[in-house]
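Written below as structure tokens is the structure these notes are about.
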There are 2 protein chains.
Amino acid sequence: MTRTHDSDPAARGPQERTGLELGAFLDWGRDLHHQGRYEDAVKAFELILGVDDGNEEALIGRNRAVRRAVPRWHWEMLHDEERAELYDRAIRQAVAADPDALVLDIGAGSGLLAMMAARAGARQVVACEGQPSVAETAARVVRAAGYDDAVTVVSKMSTRMSVPADLPRRAGLLVTEIVDCGLLGEGILGTIAHAREHLLTPDATIMPSRGRIVAQLVESEALHRKNHVGKLYGFDLAPFNRLSTLEYFDSRLHRHEHRVLSEPVTVFDFDFRTADARPRRTGLRIHPTAAGTLHAVVFWFEMELLPGITVGNPPGRDSHWKQAIQCLPAPPRVQPGEPVVLDAAHDGECVRFDVAADTPAGEPAGRPLAHAEFEVVS
Amino acid sequence: MTRTHDSDPAARGPQERTGLELGAFLDWGRDLHHQGRYEDAVKAFELILGVDDGNEEALIGRNRAVRRAVPRWHWEMLHDEERAELYDRAIRQAVAADPDALVLDIGAGSGLLAMMAARAGARQVVACEGQPSVAETAARVVRAAGYDDAVTVVSKMSTRMSVPADLPRRAGLLVTEIVDCGLLGEGILGTIAHAREHLLTPDATIMPSRGRIVAQLVESEALHRKNHVGKLYGFDLAPFNRLSTLEYFDSRLHRHEHRVLSEPVTVFDFDFRTADARPRRTGLRIHPTAAGTLHAVVFWFEMELLPGITVGNPPGRDSHWKQAIQCLPAPPRVQPGEPVVLDAAHDGECVRFDVAADTPAGEPAGRPLAHAEFEVVS
């Protein structure tokens, strides 16, 4: 038999070679995407690319689904040198103190922190990542960098992991960076509490060890306009504000014209070796340092990785986290000599501020306030 | 019978009054949210608020679901004075030319453009909006502003509307602004083509009447870093780039250090009175004006609302749309005298550029290029 070019399986088109009608599978992938099943869509398109690796529609389909599942801040975070170098320093210090400790990295992302632990001498690192396409990519990064002997990537949320199914034994060092601009938004409180109970040794080193949330009052029409409309072009558009956010969004304070109306004040202080995700509420009595319109409470965190090594996202420092901005729907006027009473609450994941309506400005706060709540941060 | 305070239905708690266990309904609302059914979650929480209007958990639950369904650019768009004033001028001109024309506003948002049409003298305006919570809010804005005699809000995508079920007759004026930074991303081509076929009179005025996409080559490490990692902190993180976007994202060019490497060039030119959403592909031969690394193709649109009234998002103008940035995964070096051949394609909703691999720099492009593709815009 003569083998012709046409009969060479590799030379035939993928549909002819496999008998698969790829158009129908492309439609299926797009349908999964439109249903919001992005990780399923990623898998469908990856299989199509396995059949036909140059299929441009599958390449774009996979990429569009990936972008819905994977936030774009990953790249800015990886380029945040201050964050990376502080974690690297803290990881080296913790691993040097106990190189035999099993390391658990929660929220692996690219695998960077897990590889830092392996490079520092950790013999075994388990890095878990809840987003399947990110976990799969982290495994590729680790393999290409030659750290796959020491680092294992587990494609799972840590809160679904158990010993010994996913982790050979309880870990002696936890490294995690699942924090957003408002510290709690990615669920660090509940995640670490779960890890302490199920995944860590009783004396495990927990990185970060502590975190606190710091807030400051600001006047800023520019921030106010990001969440509020009033009378514009001859129409009162205010009813549209029922769609405004009642909680914080991230933005860079220094990119918006503003005046600070108070010193920074510590709102919540967490010891991650003991904290849990139970909701907390506290009263804050803040003394305005200038008169103005209180458009927003700007807040950020200071996170102690190990004692003496602190990372954070205060205004002015160019952290990839930016700051957390909570606009007030009805901005009050404030002035020195008339303390502002703020009600600060978190539900385990989100911090929210309210100007206490029942306490007129100038009156003493109705609640006793802990000392830490007055602490001036800078 | 003595009526006591306790037996007053209004004074009893909502659970006691209605017999409903609200905690279970709150869990249901959160469950809908976690399933990604945000508009359903909004409805669930609104009903809970109907039973107990001060329920803080329902208020926050509703707001979190709203924020997933309603993008935050609405507020910046409403404050974009240039956009609003150009639309107002064009709408006044179109309505003055034919005050009896039925006006169709597609993508009503807050209802602003529909109210502008009514204020300009249009007797009947139908404003459709595909997001239910936005449509409901637009109806409130219109009612509060006193334009509900002239303006009717329909909570529907225009592509699901028909005459006479949703629109009393074919409309003589279409006003729409469903464009993103890359012009086509919200489906304007298919939406207007559908409207021409099903919802508009044959001689209807279509606003915008034309739109074109303009692109420019830039060198910018800062933009490149938003979509690319290489060797960082001693590790090669490049495999992470399989999660990078292959298409454009929005950002403000002037906020990133950059050098332009070419004049702006028109890529696609659409006449919305005839255009449809069929994919198109074109070759562009661009002459670099400076030597550098081609990190990104930056593009924007110029949209003619009516002849002589143009709105757009070129770099430098502070439009809320920002610009469309498409980073190139492997940025080539370019220099004057060696034309860059770009392959530009759209699939009806997304424009994408590729450096044509089969055409070495310095060689003539393999395809004939239409005159408009060389046109210099500024």
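On a straight-distance basis, which lysines could pair with B:K43 in a cross-link, Cα separation under 17 angstrom, same-chain partners fewer than 8 positions away excluded?
B:K156
I'd like to know which of B:L113, B:I48, B:A356 lies farthest towards the positive end of the charge dipole of chain B, counting +1 on Cβ of Lys and Arg and -1 on Cβ of Asp and Glu.
Toward the positive end, the furthest listed residue is B:A356.
Would you work out which of A:Y147, A:P132, A:S209 lies farthest towards the positive end of the dipole of chain A, given +1 charges on the beta-carbon of Lys and Arg and -1 on that of Asp and Glu, about the Cα centre?
Working it through, the farthest residue towards the positive pole turns out to be A:S209.
Any idea how far the Cα center of segment A:289-346 sits from the one of segment A:72-93, in Å?
When both Cα centres are located, 23 Å separates them.
Find the relative contact order for chain B and round it to a whole percent, using C-alpha pairs within less than 8 Å whose residues are 6+ positions apart.
14
B:R252 versus B:E338, label points 7 Å from Cα toward the beta carbon: distance in nm?
The answer from the label model is 3.5 nm.
Taking the Cβ of A:E76 as the centre, find all other residues whose Cβ is under 9 Å away and add up their charges (Lys, Arg: +1; Asp, Glu: -1).
Residues near A:E76 contribute +2 overall.
Grab the residue from chain B whose Cβ hugs the B-to-A rotation axis most tightly, plus its distance in whole angstrom.
B:G36, 2
Given charges of +1 on the Cβ of Lys and Arg and -1 on the Cβ of Asp and Glu, with all other atoms neutral, how large is the dipole of segment A:123-227 about its Cα centre, in debye to the nearest 20?
So the dipole magnitude of segment A:123-227 works out to roughly 180 debye.
When the dipole is taken about the Cα centre of segment B:211-356, and only Lys, Arg (+1) and Asp, Glu (-1) are charged at their Cβ, what size is it in debye, to the nearest 20?
Value, rounded to 20: 260 debye.
Just need the relative contact order of segment A:18-69 here, percent rounded to a whole number, with Cα pairs under 8 Å and 6+ apart.
Dividing the mean separation by the residue count of segment A:18-69 yields 37 percent.
Which Cα, out of B:F299, B:L284, B:L243, lies furthest along the positive dipole direction of segment B:181-315 (beta carbon charges, K/R +1, D/E -1)?
After comparing all options, I get B:L243.
Calculate the dipole size of chain A relative to its Cα centre from +1 charges on Lys and Arg beta carbons and -1 charges on Asp and Glu beta carbons; express the result in debye to the nearest 20.
That gives a dipole near 220 debye.
Looking only at A:A344, A:A195, A:A222, which one moves most when chain A is put into a Gaussian network model with springs between Cα atoms under 10 Å?
Sorting by GNM fluctuation, first place goes to A:A222.
Can you list the distances in nanometres, one decimal and ascending, from the B:A222 label point to the identical position in each other copy, with the point 7 Å along Cα to Cβ?
From this label point to the equivalent ones elsewhere in the assembly: 1.4 nm.
Taking R0 as 35 Å, what's the FRET efficiency between B:A97 and B:T289 from their Cβ-Cβ distance, rounded to 0.05?
Efficiency for this residue pair is about 0.25.
I need the P(r) histogram for the protein assembly as shown: all alpha carbon pairs, bin width 10 Å from 0 out to the longest distance, whole percents.
Result returned by the calculation: 2, 12, 19, 24, 22, 14, 6, 1, 0, 0, 0.
Write down Rg/Rh for chain B, rounded to two decimals, with Rg from the C-alpha atoms and Rh from the Kirkwood relation over Cα pairs.
1.07
Please work out the Cα center distance from segment A:132-181 to segment A:186-234, rounded to the nearest Å.
Spelled out, the Cα-based centre of one part sits 23 Å from the other.
Work out, step by step, the length gained on full extension between B:M157 and B:R273: first 0.36 nm times the residue separation, then minus their alpha carbon distance; give nm to one decimal.
39.8 nm
Over segment B:75-177, what is the relative contact order in percent, taking alpha-carbon pairs closer than 8 angstrom and at least six residues apart?
Once normalised by length, the contact order is 31 percent.
List the distances, in nm to one decimal, from the label point of B:S155 to the label points of the same position in every other copy, shortest first, placing each label point 7 Å from Cα along the Cα-to-Cβ direction.
When each copy's label point is compared with this one, the spacings are 3.9 nm.
Please work out the FRET efficiency for the pair A:R281 and B:E21, using the Cβ-Cβ distance as r and a Förster radius of 25 Å; give the result to the nearest 0.05.
0.55
Give the aspartates and glutamates reachable from A:K322 as a straight Cα distance under 12 Å; neighbours fewer than 8 places away on the same chain don't count.
Answer for A:K322, where 12 Å is the Cα cut-off: A:E76, A:D80, A:D180, A:D250, listed by chain and number.
Label position 7 Å from Cα toward Cβ: report the copy-to-copy distances for A:T274 in nm, one decimal, ordered from shortest.
7.7
We did not get these values from a lab; they are worked out from the coordinates using the rules stated. Quick caveat: nothing in here was measured; it's all calculated off a predicted structure. Cβ coordinates were reconstructed from backbone atoms using ideal geometry, including for glycine residues, and neighbour counts include every protein chain displayed.
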